[in-house]
Amino acid sequence: MKIGVLALQGAVAEHIRSVELAGGVGVSVKKVEQLNEIDGLIIPGGESTTIGKLMRKYNFIDAIRHFSAAGKPIFGTCAGMIVLAERIAGGEEPHLGLMNMTVSRNAFGRQRESFETDLQMVGIEETVRAVFIRAPLIQSIGDEVTVLSTYQDEIVTARQGHLLACSFHPELTDDYRLHQYFVQMVEGSLQRLR
Ligand SMILES: NC(=O)CC[C@H](N)C(=O)O
């Protein structure tokens with residue numbers, strides 16, 4: 001099973017490493033044609049405005065929407081979560097607009113630019129180590145979205161069918177269980193699509 005990591009900006013190598021620890025094969029995706037060769041896609045953290053611009057420039061917007069419409073799983077982390085959202089607080093133009101949620105950028109305050117914590121996660125037995133860096137949060141969700149974890153009552157991980165999003169950087173620790181969760185989503189989708 002091949003999982004692509006969108007390699008326009010952000011921590012690509014770290015995501016590939018986590019995918020491989022979780023039992024998948026990780027590939028760096030730089031061209032839209034590569035979407036045909038992968039079973040799931042990770043959109044990494046970085047800066048969502050920049051990632052959005054590069055996605056437009058290299059024709060990834062429609063290509064990833066098609067990928068999603070085919071039922072193939074997508075995992076957006078941090079800026080990648082913002083890119084997945086249907087709505088961005090403050091009225092900024094959405095990018096992929098695939099997940100029924102409103103996200104708020106840089107939502108944890110300046111004095112807490114980055115921090116680490118342990119999160120309880122639905123579907124994962126023990127707490128998951130999470131690194132937050134200028135992280136967004138999920139302000140509101142539609143009925144089809146399930147909350148998987150919260151931090152101080154704010155939603156920081158959610159799932160909508162084949163779409164997964166988290167506010168933090170799961171690729172920056174040795175804890176690869178959220179990647180494992182995604183690998184299982186991809187396995188499930190392969191069984192359905194077979
Ligand atoms: N670590 C990150 O991905 C930060 C996201 C960034 N603050 C944004 O708004 O796009």
Legend entry - Pair list, Cβ under 8 Å, 6 or more apart: segment 32-52 residue on the phi < 0 side of the Ramachandran plot, other residue of a type in the set (Lys, Arg) and within 10 Å of the ligand (Cβ to nearest atom): Ser48/Arg105
Legend entry - Selected residue (only one of Ala11, Ala22 is at pLDDT below 95, open to solvent by less than 30 Å² (accessible area, probe 1.4 Å) and of a type in the set (A, V, I, L, M)): Ala11
Legend entry - Of all residues making up segment 18-31, the number that are in a helix (DSSP H, G or I) and in contact (Cβ under 8 Å) with a residue 40 or more places away in the chain: 3
Inset, instruction - Only residues that are open to solvent by less than 40 Å² (accessible area, probe 1.4 Å), within 12 Å of the ligand (Cβ to nearest atom) and of a type in the set (S, T, N, Q): list them for segment 69-110, please. - result: Thr77, Ser104
Inset, instruction - Would you please list the contacts, defined by Cβ atoms under 7 Å and residues six or more apart or on different chains, that run from a residue in segment 58-78 that is on the phi > 0 side of the Ramachandran plot to a residue that is open to solvent by 10 Å² or more (accessible area, probe 1.4 Å)? - result: Asn59/Val32; Gly71/His162; Gly71/Arg192; Gly71/Leu193; Cys78/Ile133; Cys78/His169
Inset, instruction - Could you run through segment 155-180 and say how many residues are part of a loop (DSSP other than H, G, I, E, B), acidic (Asp, Glu) and crowded, with 19+ Cβ neighbours inside 10 Å? - result: 1
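Look at Glu33 and say whether it is surrounded by fewer than 16 Cβ atoms within 10 Å (Cβ to Cβ), within 15 Å of the ligand (Cβ to nearest atom) and more than 25 Å from Ala130 (Cβ to Cβ). Before you say what the answer is, go through the steps one by one.
On the way: surrounded by fewer than 16 Cβ atoms within 10 Å (Cβ to Cβ): yes; within 15 Å of the ligand (Cβ to nearest atom): no; more than 25 Å from Ala130 (Cβ to Cβ): yes.
Spelling it out, it is not the case that Glu33 is surrounded by fewer than 16 Cβ atoms within 10 Å (Cβ to Cβ), within 15 Å of the ligand (Cβ to nearest atom) and more than 25 Å from Ala130 (Cβ to Cβ).
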Inset, instruction - Return the total of residues in segment 111-120 being open to solvent by 70 Å² or more (accessible area, probe 1.4 Å) and assigned to a strand (DSSP E or B). - result: 4
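Looking at Val131, Val183, can you tell me which residue is in contact with a helix residue (DSSP H, G or I) (Cβ under 9 Å, 6 or more places away or on another chain), among the β-branched types (Val, Ile, Thr), within 18 Å of Gly23 (Cβ to Cβ) and surrounded by 16 or more Cβ atoms within 10 Å (Cβ to Cβ)? Reasoning before the result, please.
On the way: Val131 fails: within 18 Å of Gly23 (Cβ to Cβ).
So the residue among Val131, Val183 that is in contact with a helix residue (DSSP H, G or I) (Cβ under 9 Å, 6 or more places away or on another chain), among the β-branched types (Val, Ile, Thr), within 18 Å of Gly23 (Cβ to Cβ) and surrounded by 16 or more Cβ atoms within 10 Å (Cβ to Cβ) is Val183.
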Inset, instruction - For segment 134-154, enumerate the residues that are crowded, with 19+ Cβ neighbours inside 10 Å and of a type in the set (S, T, N, Q). - result: Ser149
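The values are calculated or read from the model by the stated rules, or taken from the named source; none is laboratory data. Since the model is a prediction, treat every value here as computed from it, not as a measurement. Reconstructed Cβ throughout: ideal geometry from the backbone, glycine too, with neighbour counts over all protein chains shown. These area figures cover heavy atoms from the full protein model, side chains too; ligands, DNA and RNA do not enter into them. Shrake-Rupley method; radii C 1.70, N 1.55, O 1.52, S 1.80 Å.
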